[in-house]
1. Would you confirm whether or not the range 121-131 contains a residue that is touching a residue at least 12 places away in the same chain (Cβ under 8 Å), among the β-branched types (V, I, T) and surrounded by fewer than 19 Cβ atoms within 10 Å (Cβ to Cβ)?
2. Considering the range 196-226 alone, what residues qualify as being over 18 Å from the mean Cα position of the chain (by Cα) and aliphatic (A, V, I, L, M)?
3. Looking only at the range 276-299, filter to residues that are free of Cβ contacts under 8 Å to residues at least 60 places away in the same chain, in a loop (DSSP other than H, G, I, E, B) and in contact with a Gly (Cβ under 9 Å, 6 or more places away or on another chain); which one of those is surrounded by the most Cβ atoms within 10 Å (Cβ to Cβ)?
4. Of all the residues that make up the range 160-170, how many are modelled with pLDDT of 90 or more and buried (at least 16 other Cβ atoms within 10 Å of the Cβ)?
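The values are calculated or read from the model by the stated rules, or taken from the named source; none is laboratory data. Predicted model, so just to flag it, every value in this text is computed and none were measured. In this analysis, Cβ positions are derived from the backbone assuming ideal geometry, glycine residues included, and neighbour counts consider all displayed protein chains.
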Amino acid sequence: MAVIIASLDGSRLPDAADSDELFPIREVSRLTGINPITLRAWERRYGLIQPTRTESGHRLYSKADIDTVHRIVDWIERGVAVSKVAKILARDDQQAESVRAAQEETEGHEWAQWQIQLRQAVNAFDDRQLDRLYNQIFAAYPTTVVFQEILMPLWNQFLRHQGLYGQASEWLFFDAFLRVRALQRLQLACASEKPRVLLAALPGECRKLELLVAAVLMSSDALVTKVLGMGQPFDELTLICEKTHPQALVVFSNHSPTHDLPQRLTRLAMTLECPLLLAGDASDLAQKSLAGSPIGCQGNDGHLMQRRLQGFLNGTLDT
């Protein structure tokens with residue numbers, strides 16, 4: 001059944017499907033925490049959002065527009081200038097479109113169904129059902145698909161939508177569950193005698209689960225990833241590598257790289273006896289500035305991280 005939405009001036013808007021519900025700017029501001037002046041500026045100056053208009057000119061935003069606002073805020077909080085966000089969103093949308101196309105040819109519908117069941121378990125704070133679903137998903141798909149296509153997209157949805165009562169608790173519940181499960185997988189892998197790679201986060205530049213999942217995705221039959229504690233001092237990484245002799249050190253960040261990061265990484269690389277790589281969204285953003293340096297860029301795509309790491313260690317992937 002179509003939804004009729006009244007405009008601010010009392011006139012009727014064109015019919016829209018339930019999934020295409022539209023919201024006035026004041027409601028979008030309430031849901032996202034971004035004031036209307038800023039929302040208008042993002043539209044006019046940067047073209048980041050393109051709301052529809054009523055006949056009288058009032059802006060109306062779709063649920064996709066609201067999601068875009070959350071994505072913009074996420075990148076700004078990571079230190080990316082608003083003037084650069086449009087390019088990043090376009091890149092992410094292109095990657096998402098490629099994933100959707102692949103899903104349509106494979107298990108995309110099944111993945112969405114799993115997410116619906118997971119969401120229901122989280123909404124009910126049912127850890128037993130969540131655990132059953134988690135085990136069933138791992139029995140059906142490879143690790144990369146589980147985290148990259150099913151679990152983390154849902155985790156991000158919960159993270160970005162915490163404006164209503166109970167939503168913050170739902171995200172915390174799901175986040176805690178996934179952190180425990182990811183850590184269990186890493187601990188089991190690290191108990192083996194396989195060569196190790198060390199993974200350290202730049203302080204304050206990613207969430208714990210993002211780091212743990214990156215470690216899971218980097219690990220392979222030939223290598224396991226050891227995660228250093230959150231808040232690990234950058235200037236003590238050399239000491240740890242001297243004592244543990246890893247195959248490589250990977251530094252992880254999901255924030256926009258600071259202007260001095262390439263120099264800091266280059267200085268660190270000169271003190272190490274093992275290769276140094278940068279992973280996370282920062283590695284894509286810093287790729288040009290690191291070109292020609294000894295630091296490898298690993299990215300943040302679960303389908304590529306393991307392959308790039310192995311290629312870099314084998315000398316078949318240039319920096």
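1. no
2. If the condition is that a residue be over 18 Å from the mean Cα position of the chain (by Cα) and aliphatic (A, V, I, L, M), then V197, L198, A222, L223, V224 are the ones that fit.
3. If we take residues in the range 276-299 being free of Cβ contacts under 8 Å to residues at least 60 places away in the same chain, in a loop (DSSP other than H, G, I, E, B) and in contact with a Gly (Cβ under 9 Å, 6 or more places away or on another chain), then L290 is surrounded by the most Cβ atoms within 10 Å (Cβ to Cβ).
4. 1
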